[in-house]
Amino acid sequence: MDINYELYKVFYHVAATLSFSEASKQLFISQSAVSQSIKALEKKLDQTLFIRSTKKVRLTPEGEILLRHIEPAMNLIKRGEAQIMEASSSGGQIRIGASDTICRYFLVPYLEKFHKAFPHIHIKVTNATSIGCVELLESGQVDISVTNFPNSHLRNLSSVKKIRNFKDVFIASKEFEEIKGKKLTFHELLEFPLLMLSKQSTTSEFLHNLFQQHQLDLVPEIELSSNDLLIDLARIGLGIAFIPDYCLKYTKDLFIVETEEHLPERELVLAYNEHIPMTKAIEEFLNYF
């Protein structure tokens, strides 16, 4: 099917903003031209892509399917343009996806060293959960994702580079002094309020699966999107928090709750798509690990 790329470009901007007027501003064309382009694309595809009303615009199911294919293609085009520009200059760009925790407690020193060695290379970091970072990578919005492993969403990616092992720990404040120095079973842990990351995280997947292996249903007291907040809430005695051990240097006033059951090690990994040409900037960054 021979469809002009410009029609798909207009579709992408309307779908991304859900606004014909905003798309016209981004594309520097009139709103009428945007509307005509969408009508032309819908006619060629013989599908309705948007549901229009006076107050809002939303994608039809067919529009959502098309967007899932168009968005990675648009990001690949942008990446290609960036690489061409990089080839003619001494700089470049690296787009990294990583969670708040991985950024703060692990990645920052590497970013600092790399920036000092290559000050002309622009570093863009996008925060998301480890699962969200894989989605950013698959859609072409980042070049590299630093994530926890195992990660159920990594199965479709071609290359993963192991960075380091880590273990998860349960931590508590003096409010739970009676269990300090004792080894609790998972079943006994369930008698206490547990604080953990939300279900959109690999850590939640990991811990829920671990408890299920022991025929136990894990029902946390509090679920948050930040390990920093988990540490803060554990510090004021709201419960026992579950965090990676590389955060322990910020928990001097808390103690580790030992468990009878073994907590398996996990890994931090760099994930990237080896089928997409790698820039010199990205190659240099990977060498730091």
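We did not get these values from a lab; they are worked out from the coordinates using the rules stated. What you see is a predicted model, and the numbers here were worked out from it, not measured in a lab. Cβ sites come from the backbone with ideal geometry, for glycine too, and all protein chains shown count toward neighbours.
Charges were assigned to the Cβ only: +1 to each Lys and Arg, -1 to each Asp and Glu. The resulting dipole of the chain about its Cα centre is roughly 1040 debye. Note on region 1-114: dipole from Cβ charges, positive end direction compared against VAL108, THR54, ALA98; the farthest Cα belongs to THR54. Distance between the modelled labels on TYR110 and THR48, one decimal in nanometres: 4.8 nm (7 Å Cα→Cβ projection).
Helix-derived [θ] at 222 nm for the chain: sum -39500 (n - 2.57) over DSSP H runs of at least 4, divide by residue count, nearest 500? Using -39500 (n - 2.57) per qualifying helix, the result is -12000 deg cm²/dmol. Computed from Cα atoms, the angle from the helix 5-17 axis to the main principal axis of the chain rounds to 40 degrees. Taking amide hydrogens as placed 1.01 Å from N in the peptide plane, the amide H of VAL169 sits under 5 Å from those of ILE243, ASP245, each at least 5 positions away in sequence or on another chain. Here, the chain yields an orientationally averaged convex hull projection of 19.4 nm² when only Cα atoms define the hull. Computed from the C-beta positions of HIS120 and LYS78, the FRET efficiency with R₀ = 22 Å rounds to 0.65. Among HIS69, HIS13, HIS122, the order by Cβ neighbours within 10 angstrom, fewest to most, reads HIS69, HIS122, HIS13. The charge dipole of region 168-264, taken about the Cα centre with unit charges on the Cβ atoms of Lys, Arg (+1) and Asp, Glu (-1), comes to about 260 debye, rounded to the nearest 20. Kirkwood hydrodynamic radius of region 59-218, from the reciprocal of the average inverse Cα-Cα distance over all distinct pairs: 19.0 Å. Between LEU27, LEU41, PHE11, the Cα set farthest toward the positive side of the dipole of region 5-66 (charges on each charged residue's Cβ, about the Cα centre) is that of LEU27. Around the amide H of SER99, modelled in the peptide plane, lie the amide H atoms of ALA128, all under 5 Å away and 5 or more residues distant in sequence or on another chain.
Less than 13 Å Cβ to Cβ from HIS208, Lys/Arg counted +1 and Asp/Glu -1: what total charge do the surrounding residues give? The answer is -3. Quick check: the angle from helix 202-213's long axis to the longest principal axis of the chain, C-alpha only, nearest 10 degrees? The angle comes out near 50 degrees. Each Lys and Arg Cβ is given +1 and each Asp and Glu Cβ -1; about its Cα centre, region 5-66 then shows a dipole of about 220 debye.
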